[in-house]
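Please read the structure below before turning to the comments.
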Amino acid sequence: MEIKELKRENDLLTATLNGRMDAITAAEFTNQLESWLAESQKSFTIDCSQLDYISSAGLRAILIIAKKVRLLDGKLQLAALQESVQTVFEISGFDKIIPIFANLDDAAAQ
Amino acid sequence: MLPLSNNREPIAPNRLELPAKLENLPHFMAFVCEQARQFDFTDKRTLEIELVLEEALVNVIEYAYPTAQPGRLILHLEGKADGKLHLEIRDRGISFNPLERAAPDLETELMERPVGGLGIFLMKELTDGLSWHRENDENCLSIIFEPRHAD
C-alpha cells in the first residue's frame, strides 16, 4: 500500500491511496495521517480509485483518524471508491459516517 | 452441516500449517487465492473470500496465543464437487468462539462508533456457512463459500 500527497489547496490536503489496506499495511495510513496532523493539517480528501482492497483493519484505521479529525474541526472525506471497497463500506455502515464522493471534483466542491 | 457432494472426489483438498504470526498472513492468503482460482468464482467473490480469510486469521493471530509464544495455525481447504469452497481454520490457543461476539451497532454516529467488532460482522455477512467448535483442545472455525453470495 502507498499513500501519497497530491496537493494542498485552501487548507485541504488531497492524497491518493494505492494498493491494499489490510492488517499489515493499515499502519502506513495511520502513520502518514498522524504526521500530517502533527503539521496542523486537519482536512483531507483521499482518492481511493487505486485502492483495491480494504479489511476491518483498514476501516478501523480510517475510523480512528476520522474521530481525531472531527475533534479538531477538520474533515476526512473519501472519493472514487472501487465497487468492492464501496461494498465493504456499505456493509459496515461506514458510508453513513464517512463522507464519500463519486470523484475528486465532487469532494472539492464541499 | 456439510452438503454431500456427489461421487466424485473433492477437487483440491489441501492444508497449510504455519506459526500464527502476522508476517505469515500473505502466505495463507496466497495459498487460498491460488486454490480459489480453480473454481469459477468471480473476482468480486474472490476478494470477499480474501477479506473473510484475513479477518478469521487475524483473529487467531491476535487473540489465540500469547504474543511472545505464537502457536500453530492450521488452514485446511477443500473444494467440493458441489462448487463450494470449504475452509477450516484450527489453532491450539485459548478457547474462543468469535461468533458469540455481539454485532456492532452500525447506526451510531461517528464519535460513538466502536472501533472493534467489525471483522467478525463482515465474516458473517460474506459467508454462506460459518460455525465454530472446540475439539481436542483446538478452536475449529468452519467457513463455506458459494461461488455467488446470496444477499
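Just so it is clear, none of the values below were taken in a lab; they were calculated from the coordinates. Worth saying up front: this structure is predicted, and the values here are computed from it rather than measured. Cβ coordinates were reconstructed from backbone atoms using ideal geometry, including for glycine residues, and neighbour counts include every protein chain displayed.
Express the relative contact order of region A:1-109 as a whole percentage, based on alpha carbon pairs under 8 Å and six or more residues apart in sequence. It rounds to 25 percent for region A:1-109. Which whole-percent values make up P(r) of the protein assembly as shown when all C-alpha to C-alpha distances are grouped in 10 Å steps starting at zero? Cα pair-distance distribution for the protein assembly as shown, in percent: 7, 29, 32, 21, 9, 2, 0.
Specify the inter-centroid distance of region A:16-55 and region B:104-151, based on alpha-carbon positions, in whole Å. For region A:16-55 versus region B:104-151, the Cα centre distance is 25 Å.
Calculated FRET efficiency, A:Ser49 to B:Asp82, Cβ-Cβ distance, R0 = 51 Å: about 0.85 to the nearest 0.05. Measuring nothing but how far apart in sequence close Cα pairs (under 8 Å, 6+ apart) lie, relative to its length, chain B scores a relative contact order of 27 percent. Rounded to the nearest 500, the helix-only mean residue ellipticity at 222 nm of the protein assembly as shown stands at -10000 deg cm²/dmol, with each DSSP H run of n ≥ 4 adding -39,500 (n - 2.57).
Quick check: residue separation of B:Thr67 and B:Gln38 times 0.36 nm, minus the Cα distance between them. What number comes out in nm?
On the way: separation 29, 0.36 × 29 = 10.44 nm, distance 3.52 nm.
Residue separation times 0.36 nm, minus the Cα-Cα distance, leaves 6.9 nm.
Residues B:Met111, A:Met21, A:Met1 in ascending order of nearby Cβ atoms (within 10 Å, fewest first): B:Met111, A:Met1, A:Met21.
When the dipole is taken about the Cα centre of chain A, and only Lys, Arg (+1) and Asp, Glu (-1) are charged at their Cβ, what size is it in debye, to the nearest 20?
380 debye
Note on region B:14-145: dipole from Cβ charges, positive end direction compared against B:Pro98, B:Leu22, B:Thr108; the farthest Cα belongs to B:Leu22.
What average number of partner chain Cβ atoms lie no more than 10 Å from the Cβ of the residues making up B:113-119?
Details: counts 9, 2, 7, 3, 2, 11, 7.
Shielding by partners across B:113-119 averages 6.
The GluC sites (Glu not before Pro) of region B:33-135 meeting both criteria, a DSSP state outside H, G, I, E and B (loop) and at most 11 other C-beta atoms within 10 angstrom of the site's C-beta, are B:Glu107, B:Glu109.
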